[in-house]
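Some notes on the structure that comes next.
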Amino acid sequence: MKLKMNLFAALLLCLGMQVAQAQISIKTEASTDSTDKKKSASIDINIGKDDETEAKKIRYPRSFGGITFTRVDWGFSRLVDDGSFTLSEGNKLLDYKKASNFGFDVAQFGVRFSDVFKVYASAGFEWNYLRLEHNVLLQQDVTPLTFEPLDDDSGYKKNIFTSTYLRLPLTFELRSHQLANGKRLKFAFGAMTGVLLKGTQRLKSKEFGKQKYKDTYNLETFQYGGFARIGYDNFGLFAKYYMNDMFEKSPDQKGLRNLAFGLTLGF
């Protein structure tokens, strides 16, 4: 019994030491480094080793990583059909009134090689929303992608098709030296992959009220593409283009891809 108590006490001690070593940083101001002249605002939330430091002398390369909440993307999305923004006859039922993209990162790990250059991998979530123009229902558990017309007399007001992905970007980021006000210009580019989590269709009508359906809908299981960001301090613009088709095993949707662009917060 005494041996078990000693082992339990040792386990608690080790756990306490690990927690004590963790760096939890919810920043309203970025810490200064050896080249900083002023402090700059930051909206990043990090648990782990941060990219910034208060040390007077910095040695490169230096690693950073942990749990975070940053690079929040919010913008528009456009379907590209064989290089055209006009959908072909086989994709007319995917015509949309509005399309948007939203995503953010929740974990990261990287290496800063100098004051102006770093490389990091991150993980997060991404949603693409299509507010469909036609009253159609995407069939579940059917290959290829199949549409069923809905009764217009039911008074459909909303038909939103959503894809949800786990996103996994690899980023190369350049930043300027500090400006007179302590802020920086930034440019980032890289490759992004995504793993499908789910597809969702939400309907709203006078007759049936709110309806919600979940399925893969033949969405691409694994997507990949490129992206770029340009910004000032913690605000910027992003553009993303997925190089593989939006749907798989669906011949009519061959060549249909996704382009997204908009604002990013927490560069």
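The values are calculated or read from the model by the stated rules, or taken from the named source; none is laboratory data. These numbers come from a predicted model, not from an experiment. As a convention, Cβ positions derive from the backbone with ideal geometry for all residues, glycine included, and neighbour counts pool all protein chains shown. The protein model used for the area step is the full one, side chains on, heavy atoms only, and it has no ligands, DNA or RNA in it. Shrake-Rupley method; radii C 1.70, N 1.55, O 1.52, S 1.80 Å.
A cut-off under 14 angstrom between Cβ atoms defines the neighbours of Asp81, and their net charge, with Lys, Arg +1 and Asp, Glu -1, is -1.
Calculated FRET efficiency, Lys206 to Val142, Cβ-Cβ distance, R0 = 35 Å: about 0.80 to the nearest 0.05. Please grab the % of Cα pairs in the range 188-267 that end up more than 22 Å from each other. For the range 188-267, the share of Cα pairs beyond 22 Å comes to 45 percent. The label point for Ala121 and the one for Leu150, both projected 7 Å from the Cα toward the Cβ, are 4.1 nm apart. With contacts taken as Cα pairs under 8 Å and at least 6 residues apart, the range 174-238 reaches a relative contact order of 38 percent. In this simple spin-label approximation, Lys157 and Glu133 carry label points 7 Å from Cα along the Cα→Cβ vector, and these lie 2.2 nm apart. The protection proxy used here, the mean number of other Cβ atoms lying within 10 Å of each residue, ranks peptides 115-126, 159-170 as follows, highest first: 159-170, 115-126. Give, as a single signed number, the net charge of other residues whose beta carbon lies under 10 Å from the beta carbon of Phe261, with Lys and Arg counted +1 and Asp and Glu -1. Charge balance near Phe261 sits at +1. What does the charge count near Glu126 come to, summing +1 for each Lys or Arg and -1 for each Asp or Glu among other residues with Cβ under 14 Å from its Cβ? Once all neighbours under 14 Å are counted, the net charge is +1.
The residue list Asn234, Gly124, Phe222 was ranked by how far each Cα lies along the charge dipole of the range 107-264 toward its positive end, using unit charges on Cβ atoms, and Asn234 comes out on top. Over the range 208-267, accessible surface divided per residue gives 50 Å², non-protein components excluded, 1.4 Å probe. Residues in the range 145-169 near a label at Asp215, defined as backbone nitrogen under 14 Å from the 7 Å Cα→Cβ point? Those under the cut-off are 145-150, 161-162. Across the range 117-157, C-alpha contacts under 8 Å between residues 6 or more apart give a mean separation that, scaled by the residue count, equals a relative contact order of 28 percent.
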